[in-house]
Amino acid sequence: METADMTGREAAVLDGGPADGLRMEVADRPPVIQVAHPCQAEDAPRGVRVEAVYVYRRDYTVTGEPLRYGFDVASP
């Protein structure tokens, strides 16, 4: 039995990588979660920012809450 509320939001947790153990709510069971982490840049032009991007893919074997998303080591 699923425990999602009427808005389609469910608890999820990230496995592995830099955001290991991070818990959140997701809507509509997205297949991919993207996590961005700010990086320090030297002499960056005004308004320019640099972020490291990490990808987590849904583990389809988990059907109830919390949904699980595993770190994709091959992500860009």
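Below are the figures for this structure:
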read-out	value
Restricting the stretch 9-54 to residues that are acidic (D, E) and in a strand (DSSP E or B), the residue that is most open to solvent (accessible area, probe 1.4 Å)	E25
Total residues in the stretch 55-70, condition open to solvent by less than 60 Å² (accessible area, probe 1.4 Å), charged (D, E, K, R) and outside any strand (DSSP E or B)	1
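The values are calculated or read from the model by the stated rules, or taken from the named source; none is laboratory data. These numbers were taken from a predicted model, which means no experiment stands behind them. All accessible areas refer to the heavy atoms of the entire protein, side chains included, with ligands and DNA or RNA removed. Shrake-Rupley method; radii C 1.70, N 1.55, O 1.52, S 1.80 Å.
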